[in-house]
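Peer 1: My questions all concern the structure below.
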Amino acid sequence: MLLAFWADNNWSSTGTCVFPVVAAAGLVQTGLQSRLSQVNLTVARVVCHSEIKNGPVSNDSGAVGAIVLTAILGCMVLLGSGVDLYIRATKDRRQKVPLSPRKDKVKLDEICTTLNHSVETAFTNGKTDTNGLIENSRLNIENGGIDNPAGPQVQETNGGHLVYSKQQPRTVDKQRDQKYKPKLWERVLLCFSAVSNGEKILSVKRSPASITCLHGIRVLSIGWVILGHTYLYSASNAGNPKSFVKTIQGFSFQIMMNATLAVDSFFVLSGLLVTYLFLKETEKAGGLKVKHMVMYYVHRYLRLTPVYAYVMFVYTFLVSHLADGPTWVGPYDKKMCEQYWWTSLLYINNVYEAKKQCMGWGWYLANDMQFYVVAPLALIPWALSSRWTEATAGKIFKAAGITVVFGYLICSVATTASLTFEYNADLYKNTLVYFEMVYEKPWCRIGTFAIGMMLGYILHTFKSRDVKMSPFLQGVGWLLALVAAGACTLATYDANAEGRPGWGLEARTAHETLFRPVWGLVLAWVIFMCFKGKAGFVDWMLSWDWWQPLSRLTYGVYLVHLMFIQTEAATARSLFNFTSGYIVYRFFGYTCMSFIFSFLLAILVEAPMLQLEKLVLS
């Protein structure tokens with residue numbers, strides 16, 4: 001039997017209790033009420049656990065569809081991997097062509113002819129220096145393997161066959177290569193190859209122009225998001241809620257109370273990459289063209305939507321059949337997903353029927369897509385300015401782009417301040433109203449994206465990594481960044497700690513308005529110094545090679561991690577003793593599972609869709 005207790009917000013002796021139990025509802029309610037009436041408590045209802053709540057999977061057409069779709073994608077991955085391995089094997093066999101004795105004789109004859117020519121030349125010029133003769137000969141024929149006692153220099157392959165390092169393919173080999181050139185259907189299947197896609201995902205090769213510190217920032221930010229959600233959802237099953245309340249009032253715990261800043265980190269990275277890559281691509285192409293703008297939107301939608309739609313499909317129809325527990329009836333927003341899934345796929349779920357979102361954490365994707373849609377208002381003038389670098393028109397275009405970006409930032413600050421003051425709400429007071437009216441709205445969150453755009457423009461414009469900045473100025477910059485980061489993450493202690501005076505409406509409004517843009521500036525400083533090679537240990541830590549494969553998986557991790565956290569919280573059969581150590585222990589489990597499933601998701605959906613896009617556009 002599982003008994004879970006919820007009273008009113010003050011945990012007083014009066015309130016309403018809900019008891020999930022495995023027993024007859026009527027008997028349990030009668031027995032409990034007779035006892036609890038003595039302390040002025042009333043049993044509102046009793047929920048009895050049912051082993052089968054959703055019926056068999058075969059009766060759920062949505063669940064069957066999700067299983068069939070997954071099976072089809074899995075078969076495509078297996079077929080693509082098989083074709084990939086076959087092509088690689090046949091290619092290796094074609095390259096391992098044994099040399100005939102006639103070929104060896106021809107090569108040796110060439111060596112002897114070269115030697116004889118060198119000797120004749122030396123004697124003709126009156127030079128009889130043996131050392132010089134040998135040295136000249138080596139320079140002319142070192143690729144022929146004169147130092148190799150076995151004869152010409154060769155390259156041994158795994159198959160044991162010998163081929164010359166610079167041997168030209170024979171006509172028969174060319175015909176074989178043409179014969180084994182992948183056909184269209186093979187190229188389609190190769191898009192699903194787990195071998196090739198896995199190699200790309202797990203690769204740690206660096207591009208010369210890449211900003212390597214972004215990988216570390218991205219992985220650490222998604223970890224911050226998971227840890228914050230772990231604390232949030234675990235509180236509902238804590239057997240010692242007073243300990244939880246005491247923990248969140250601690251000074252160091254304010255870092256977790258402000259974990260929402262991790263989302264702003266992603267907005268900064270998004271604005272930076274959108275700007276930096278767009279300007280780099282248009283410059284490489286010799287200017288802005290119509291196809292750039294067409295592909296700008298097409299690629300973004302195809303990059304995010306297929307895997308998002310697949311996860312939503314599985315989440316809506318299949319997850320409810322994969323777990324069980326005293327209060328488990330499936331995803332809490334299942335009905336909303338069935339009715340309003342299309343708002344998520346159109347990325348308007350944060351502004352249209354926001355109370356009925358499917359996968360509530362999809363608000364971030366809607367914001368990011370909306371920022372992406374309006375970003376060209378600044379990107380196009382910047383791209384056009386590259387044609388007139390010194391002319392007045394170029395300066396006007398540059399100023400126009402900068403004005404648009406600062407307009408986004410001012411819009412964010414003004415709307416956040418106005419709405420926070422109007423509703424007297426922030427993350428700690430009137431939370432639901434705050435989330436609906438402020439937190440999820442693009443006009444309130446575009447500020448950090450604008451900071452990222454401005455940073456991307458600066459990095460693209462000032463390409464040289466040499467920056468003239470004295471050690472004193474660098475030290476001051478790092479000190480200010482550290483103080484600002486501390487203020488963004490720890491200042492709320494004064495508002496949350498027991499015995500502290502708390503904040504009034506004005507202080508709460510000022511904090512909510514400014515702390516996100518300030519955090520964006522701190523992150524921009526770190527990225528700028530890393531890009532210029534002036535960040536030392538910070539750059540070394542954030543640019544670690546193995547951040548790269550983890551960074552490629554963060555999108556999938558964001559999509560799936562709350563599915564694990566919410567499902568475990570809803571299927572728990574007992575309460576637990578809340579401690580920070582236990583929460584961190586669960587955090588590592590959620591993180592590992594999220595990355596594992598994100599890799600599978602990338603192999604199954606994300607990477608194949610990207611490869612298919614390239615194939616179609618080629």
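The values are calculated or read from the model by the stated rules, or taken from the named source; none is laboratory data. The structure presented is a predicted model; accordingly, all values stated were derived computationally and were not measured. Only protein heavy atoms, including side chains, enter the accessible area calculation; ligands, DNA and RNA are left aside. Shrake-Rupley method; radii C 1.70, N 1.55, O 1.52, S 1.80 Å.
Peer 1: Take the Cα atoms of the stretch 546-618, build their convex hull, and give its volume per residue in Å³. Walk me through the numbers on the way to the answer.
Peer 2: Working: hull volume 7.3 nm³, N = 73.
Each residue corresponds to 99 Å³ of Cα convex hull volume.
Peer 1: Still on this structure, I have one more. Over the Cα atoms of the stretch 294-349, what Rg and Dmax result, in angstrom?
Peer 2: When restricted to the Cα atoms of the stretch 294-349, Rg and Dmax are 14.2, 51 Å.
Peer 1: Now a separate question. Just to confirm my numbers, what's the Cα centroid distance between the stretch 528-564 and the stretch 472-496 in Å?
Peer 2: Centre-to-centre (Cα) distance: 22 Å.
Peer 1: Treating each Cα of the stretch 466-604 as an identical point scatterer and ignoring solvent, apply the Debye formula and state log10 I(q)/I(0) at q = 0.14, 0.18, 0.20 Å⁻¹.
Peer 2: After summing over all Cα pairs, the log10 values are -1.05, -1.16, -1.15.
Peer 1: At each listed q (0.22, 0.25 Å⁻¹), what is the log10 of I(q)/I(0) that the Debye formula gives for the stretch 341-381 modelled as equal alpha-carbon point scatterers?
Peer 2: For the stretch 341-381, the Cα-only Debye profile gives -0.62, -0.73.
Peer 1: By what distance, in whole Å, do the Cα atoms of the stretch 212-368 stretch along each of the three principal axes, largest value first?
Peer 2: Each principal axis gives a Cα extent; for the stretch 212-368 these are 64, 41, 26 Å.
Peer 1: Using the C-alpha atoms of the stretch 364-509, what convex hull volume per residue, in cubic angstrom, is computed? Display every interim value, and only then the final one.
Peer 2: Working: hull volume 22.0 nm³, N = 146.
Once divided by residue count, the hull of the stretch 364-509 is 150 Å³.
Peer 1: Further question on the same structure: For the stretch 193-252, count all C-alpha to C-alpha pairs, find those more than 19 Å apart, and express that count as a whole percent of the total.
Peer 2: Values: 1029 of 1770 pairs.
Summing the P(r) of the stretch 193-252 above 19 Å gives 58 percent of all pairs.
Peer 1: Another question about this same structure. Checking the table Lys280/Lys395; Lys284/Lys395; Lys181/Lys614; Lys183/Lys280; Lys291/Lys441; Lys398/Lys441 against a 24 Å threshold on Cα-Cα, which pairs fail? Walk me through the numbers on the way to the answer.
Peer 2: Details: Lys280/Lys395 19 Å; Lys284/Lys395 20 Å; Lys181/Lys614 18 Å; Lys183/Lys280 34 Å; Lys291/Lys441 31 Å; Lys398/Lys441 28 Å.
Pairs exceeding 24 Å: Lys183/Lys280; Lys291/Lys441; Lys398/Lys441.
Peer 1: Got a sec? What order do Leu85, Leu272, Leu409 fall in by accessible area at 1.4 Å, biggest, i.e. largest, first?
Peer 2: Values: Leu85 100, Leu272 0, Leu409 45 Å².
So the residues, ranked largest to smallest area, are Leu85, Leu409, Leu272.
Peer 1: Here's a follow-up. Volume per residue, Å³, of the convex hull around the alpha-carbon atoms of the stretch 483-534? Kindly include the intermediate steps, with their values, before the conclusion.
Peer 2: Values: hull volume 3.4 nm³, N = 52.
Spread over its residues, the Cα hull of the stretch 483-534 gives 65 Å³ apiece.
Peer 1: Per 10 Å bin, what is the whole-percent P(r) computed from every C-alpha pair distance within the stretch 418-464?
Peer 2: Reading the bins upward from 0: 25, 33, 20, 15, 6.
Peer 1: Do me a favour and compute the ellipsoid semi-axes for the stretch 405-490 from its Cα gyration tensor, root of five times each eigenvalue, largest one first, whole Å.
Peer 2: Numbers: eigenvalues 213, 65, 16 Å².
They are 33, 18, 9 Å, listed from largest to smallest.
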